[in-house]
Amino acid sequence: MGQNFFFRLLQNELWRKGDIPDALTFEEFAAVHAMAREQTVAGLVCNAIVRNNVRTGDDNAMRAMAVKVNHERRAMKMAEVLRVLTACLDKHRVNYVVFKGQTLAELYPEPVMRTLGDIDFYCAPADEERARRAVEQEMGVTVDVVELDKHHSFYYDGIRIEQHYRMETFGSSRHQRYFDALVERTMREPSSMQIGALSVKTMPPMMTILVCFKHLFNHFLVEGVGLRQICDMAMLFSRYHDEIDADELWHHISMLGYAKAFKAVGALTVKYVGLPAEAFPFALTKRDYRWADRMMKEVLKRGNFGKYHRRETQDGAAKSLETARIAFGHCARFLPLAPWDILCLMPRRASITLKKHLS
């Protein structure tokens, strides 16, 4: 029952319609809240409870309100950090785009209810070193330079910021070159969007969809992914349906080797988070929904970034071995969705993990 209530509340918050319970017992609220936290959608679910005056008892009503207020406060703090960061980069004329995170939150009915993690920005290769020097000098931080996967990182006012030198990692070098060329083309004519009162440079809708899909699927394979990323994809499809050239999108997805995986993710957004089927750019088949069902079992089992229901919880060799076992299991089970890139990705991810623990 808790899972049923959870999905009804989540869909109500995303689309502002649909039947939801009038009341939740103490046990039902506990189950819904735990599931929302594991899937990193607590702000969305609790806002649906508060906004619809769902009866939960005084203590649980206070818990739901506390989640809502905490999300509002973190969003305000991250907005200020983003303002400082972009002002620094603009001052030094760095060619950059902000992506994921706050740019996706703006697609939701109430942006502050989308749980925020860190801030991601990407620099054109020619500006990478200049950007690093700029933030160190202007923001008073030390950038942790890690040449392993795709980004360096630093903290400002307690918020983690990732400076990407690669937006996403592919297994196949051919797919990586194709994707990197798309990114390079995007950087010549970036888009912009409003995040609150701030105008921010970001990627156009087509590229945003490609990056967010690959980010979701890569995390799904390697460790696990939460419903937050699936909701992000649903919001992207809904908001940009009329702006996307479906033929061009299909061409890019096919060239990258992820056509079947993309449709499986589309089926996830339709079946589980309520995206209207007509808002997804391609027709979905029974096979797509079967793959979506298999993926959802892993999503619900592992939670956000595969953090939950694990044997090993402490960082170290044992946890790394468990992560590797999970990753290889996912890659084997979902190999038909993107066979060539997954086969190439497995040794690449293993190499990255090994170097990380040996450094």
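A few notes on this one:
- Residues within region 217-227 that are buried (at least 21 other Cβ atoms within 10 Å of the Cβ) and either in contact with a Gly (Cβ under 6 Å, 6 or more places away or on another chain) or assigned to a helix (DSSP H, G or I) (or both), tallied: 7
- Scanning region 6-21 for residues that are at pLDDT below 95 and farther than 17 Å from Tyr108 by Cβ yields Asp19, Ile20, Pro21.
- Meeting the requirement of 1 or more residues that are surrounded by fewer than 17 Cβ atoms within 10 Å (Cβ to Cβ) and polar (S, T, N, Q), the helices (runs of 4 or more DSSP H) wholly within region 245-302 are 246-255.
- Residue that is assigned by TED's automatic domain parsing to the domain that holds His92, modelled with pLDDT under 95 and of a type in the set (A, V, I, L, M, F, W, C), where the choices are Phe179, Phe121, Phe170: Phe170
- Lone unmet requirement of (1) assigned to a helix (DSSP H, G or I); (2) in contact with a strand residue (DSSP E or B) (Cβ under 7 Å, 6 or more places away or on another chain) for Val146: (1)
- The set of residues in region 192-211 being in contact (Cβ under 8 Å) with a residue 40 or more places away in the chain, assigned to a strand (DSSP E or B) and within 20 Å of the chain's Cα centre (by Cα) consists of Met193, Gln194, Ile195, Val200, Lys201, Thr202.
- Within region 42-53, residues that are on the phi > 0 side of the Ramachandran plot reach partners that are part of a loop (DSSP other than H, G, I, E, B) with beta carbons closer than 9 Å, at six or more positions or on different chains, in the pairs Asn53/Asp22.
- Flag if Gly117 is within 22 Å of the chain's Cα centre (by Cα), touching a residue at least 40 places away in the same chain (Cβ under 8 Å) and assigned to a loop (DSSP other than H, G, I, E, B): yes
Each row is one residue, and each column tells you yes or no for (1) under 15 Å from Met207 (Cα atoms); (2) in contact with a Leu (Cβ under 8 Å, 6 or more places away or on another chain).
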| site | (1), (2) |
| --- | --- |
| Leu82 | no, yes |
| Cys88 | no, no |
| Lys91 | no, no |
| Gln102 | no, yes |
| Val112 | no, no |
| Asp118 | no, no |
| Phe121 | yes, yes |
| Asp127 | no, no |
| Ala131 | no, yes |
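- Per the listing Ala61, Ala79, Ala66, Ala31, the residue uniquely surrounded by fewer than 16 Cβ atoms within 10 Å (Cβ to Cβ) and either without any contact (Cβ under 8 Å) to a residue 60 or more places away in the chain or assigned to a helix (DSSP H, G or I) (or both) is Ala66.
Every residue, every condition in (1) among the acidic types (Asp, Glu); (2) surrounded by 20 or more Cβ atoms within 10 Å (Cβ to Cβ); (3) under 15 Å from the mean Cα position of the chain (by Cα), yes or no:
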residue	(1), (2), (3)
Val97	no, yes, no
Lys100	no, yes, yes
Thr103	no, yes, yes
Pro109	no, no, no
Met113	no, yes, yes
Val141	no, no, no
Val145	no, no, no
Tyr156	no, no, no
Gln163	no, yes, no
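- Any hit, region 82-91, residues being in a helix (DSSP H, G or I), outside the structural domain of Glu129 (by TED's automatic domain parsing) and of a type in the set (D, E, K, R): no
- With respect to the conditions (1) modelled with pLDDT of 95 or more; (2) part of a helix (DSSP H, G or I); (3) among the small types (Gly, Ala, Ser), Ala324 falls short on a single one, namely (1).
- Test for Val54: is it under 20 Å from Leu116 (Cβ atoms) and either aliphatic (A, V, I, L, M) or in the same structural domain as Val270 (by TED's automatic domain parsing) (or both): no
The values are calculated or read from the model by the stated rules, or taken from the named source; none is laboratory data. From a predicted model like this one, the values you see are computed outputs, not experimental measurements. Neighbour counts run over all protein chains shown; Cβ positions are idealised from the backbone, glycine included.
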